[in-house]
1. Would you confirm whether any residue within the stretch 17-35 is assigned to a strand (DSSP E or B) and within 22 Å of ASN83 (Cβ to Cβ)?
2. Can you give me the number of residues within the stretch 38-86 that are touching a Leu at 6+ places or on another chain (Cβ under 8 Å) and either β-branched (Val, Ile, Thr) or assigned to a helix (DSSP H, G or I) (or both)?
3. So, in the stretch 1-51, of the ones that are closer than 20 Å to LYS93 by Cβ and among the basic types (Lys, Arg), which residue ends up surrounded by the most Cβ atoms within 10 Å (Cβ to Cβ)?
4. How do the pairs read when you match residues in the stretch 1-18 that are closer than 17 Å to TRP56 by Cα and aromatic (Phe, Trp, Tyr) with residues anywhere that are open to solvent by 40 Å² or more (accessible area, probe 1.4 Å) and at pLDDT 95 or above, using Cβ under 7 Å and keeping only pairs 6 or more apart or on different chains?
5. Taking the stretch 52-67 as the region of interest, how many residues are surrounded by fewer than 15 Cβ atoms within 10 Å (Cβ to Cβ) and in contact (Cβ under 8 Å) with a residue 12 or more places away in the chain?
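The values are calculated or read from the model by the stated rules, or taken from the named source; none is laboratory data. This structure is a prediction, so every number in the text was calculated from the model and none was measured. Backbone-built Cβ (ideal geometry, glycine too); neighbour counts: all protein chains shown. SASA here: full protein model, heavy atoms, side chains in, ligands and nucleic acids out. Shrake-Rupley method; radii C 1.70, N 1.55, O 1.52, S 1.80 Å.
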Amino acid sequence: MFVRIVKMSFHEENIPAFLENFETIKHKIRNAEGNRFLELYQDKNDKCIFFTYSYWETEADLENYRNSELFDSVWTFTKKLFNAKPEAWSVDKVVSLV
């Protein structure tokens, strides 16, 4: 399993549209095959910056999602709202303390 972190920055006036859309599709993303966890964060100092944080079973699961109709519709809608190029990282968890 690995963690996928995506940083997105939006025009301020587009934040409500992004949040409304995310609310309607978050369960579909979370239920994509291989997705085990999904959270959305908003930066404390810059309300235009958001991060998704998700756990994926395998890289193939993430790639299958990225090649799905669901991802295509989500990304087509979301990318029109950005004010900067999104960034993404796939990382392996090294230490986790609970």
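1. Checked the stretch 17-35: no residue is assigned to a strand (DSSP E or B) and within 22 Å of ASN83 (Cβ to Cβ).
2. 1
3. Ranking the qualifying residues of the stretch 1-51, first place goes to ARG4.
4. PHE2/SER90; PHE2/VAL91; PHE2/ASP92
5. The total comes to 5.
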